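*Asks:* Pasting in a structure now, in structure tokens, and then I'll have a few things to ask.
The values are calculated or read from the model by the stated rules, or taken from the named source; none is laboratory data. What you see is a predicted model; the values in this text were computed from it and never measured. Cβ: placed from backbone, ideal geometry, glycine included. Neighbour counts: every protein chain shown.
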Amino acid sequence: MKVVLLGGTSGMGRSIARILAERGDSTFLLGIPQTDLDASAADLTARSPKHEATGTALCDLEKPDTFAPALDAAEAALGGLDAVIVTAALFATQDQLEADIELTRRLVTVNYANTVVFCEHARKRLLAKGGGKLVVFSSVAGERGRKPVAIYGSSKAGITRYLEAMDHKFHAEGLRVLTVKPGFVKTGMTAGVKPPPFAGEPDQVAREVVAAMDAGKTVLYTPGMWALVMLVIRWLPRFVMRKIGF
Ligand SMILES: NC(=O)c1ccc[n+]([C@@H]2O[C@H](COP(=O)([O-])OP(=O)(O)OC[C@H]3O[C@@H](n4cnc5c(N)ncnc54)[C@H](OP(=O)(O)O)[C@@H]3O)[C@@H](O)[C@H]2O)c1
């Protein structure tokens, strides 16, 4: 596959990029800053069975004018596009967001509005060639309105609904949309937050994401235990959600 990754320089995105490079897929990294892109590209090139060079292009989710040129550069370098994977996003605690409205504006813009805009650029390019895979990281935080992740969760709820609708609207034209809903995973994003009982590791999540992508799944809860947790949470009455701290 010819795969573009936005966010492949760290955390779960880096683990996914490594699996793809190691099995011989062609990879291209989008993100910021250039130094991180260069280091990750060298790592992927070394892991590729034929030492195929991984290309890079700057793409800042806070700057929508970088999206089209970055995807154009990726498509030209790869000679096409089979899959676009988006793991990049911002996270901040509810306390940080409530104390800083500018941070709230940035987070909801990056995680929802600008991610939708990026996906629209990607979707058009995939459909122009008859289809392909669009894999985007949402979160279990978007399943219900929850006190500890009220604002971050709302940005993920928005992206979840957008992706569901993209699947409904463009499946017949060949677009395969996978919405990834991780539970708590130990990455740089969650450093400093106390891990809950079912905390996952990035490599474990990456294996599950690649398997789901290959199988053409539409939604993945990962690690799998979170599917059960969210089954319960989805059905809790509102007055219970108001009382509990979850
Ligand atoms: N970790 C969890 O428990 C968890 C749970 C549920 C969902 N998720 C979601 O899973 C995805 C991957 O998260 P992760 O845990 O692997 O965290 P991560 O390692 O921090 O990955 C996030 C990536 O987003 C990039 N990024 C941030 N702002 C950007 C911008 N303006 N432009 C381009 N790239 C930007 C970061 O780049 P820099 O390193 O340069 O900042 C980083 O590479 C995210 O969508 C996250 O919301 C995570």
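*Asks:* Looking at (1) out of contact with any Phe, Trp or Tyr (no Cβ under 6 Å at 6 or more places or on another chain); (2) over 17 Å from Thr218 (Cα atoms); (3) free of Cβ contacts under 8 Å to residues at least 60 places away in the same chain, which is the one condition that is false for His121?
*Replies:* Only one criterion in (1) out of contact with any Phe, Trp or Tyr (no Cβ under 6 Å at 6 or more places or on another chain); (2) over 17 Å from Thr218 (Cα atoms); (3) free of Cβ contacts under 8 Å to residues at least 60 places away in the same chain is unmet by His121, namely (1).
*Asks:* Hey, another quick one. Take segment 73-106 and flag every residue that is within 17 Å of Gly8 (Cβ to Cβ) and either more than 16 Å from the ligand (Cβ to nearest atom) or not in a loop (DSSP other than H, G, I, E, B) (or both).
*Replies:* Hits for segment 73-106 are Ala73, Ala74, Glu75, Ala77, Leu78, Leu81, Asp82, Ala83, Val84, Ile85, Val86.
*Asks:* Also, I was wondering about something else. One residue is enough: does segment 31-49 have a residue meeting the conditions closer than 27 Å to Ser154 by Cβ, within 16 Å of the ligand (Cβ to nearest atom) and surrounded by fewer than 16 Cβ atoms within 10 Å (Cβ to Cβ)? Explain how you work it out, then say what you get.
*Replies:* We begin by selecting, within segment 31-49, every residue closer than 27 Å to Ser154 by Cβ; these are 31-32.
Going one step further and asking which of them are within 16 Å of the ligand (Cβ to nearest atom), we end up with 31-32.
Still in the list and also surrounded by fewer than 16 Cβ atoms within 10 Å (Cβ to Cβ): none.
No, because not a single residue in segment 31-49 is closer than 27 Å to Ser154 by Cβ, within 16 Å of the ligand (Cβ to nearest atom) and surrounded by fewer than 16 Cβ atoms within 10 Å (Cβ to Cβ).
*Asks:* Would a scan of segment 136-159 turn up a residue that is modelled with pLDDT of 95 or more, farther than 22 Å from Leu97 by Cβ, within 16 Å of the ligand (Cβ to nearest atom) and buried (at least 18 other Cβ atoms within 10 Å of the Cβ)?
*Replies:* no
*Asks:* Anything in segment 202-223 that is surrounded by 14 or more Cβ atoms within 10 Å (Cβ to Cβ) and farther than 14 Å from Ala17 by Cα? List them, or say none.
*Replies:* The answer is Ala212, Lys217, Thr218, Val219, Leu220, Tyr221, Thr222, Pro223.
*Asks:* Does Tyr162 fit the bill of being within 13 Å of the ligand (Cβ to nearest atom), in contact (Cβ under 8 Å) with a residue 40 or more places away in the chain and of a type in the set (Ser, Thr, Tyr)? Outline the logic, then answer.
*Replies:* On the way: within 13 Å of the ligand (Cβ to nearest atom): no; in contact (Cβ under 8 Å) with a residue 40 or more places away in the chain: yes; of a type in the set (Ser, Thr, Tyr): yes.
So Tyr162 does not fit the description; no.
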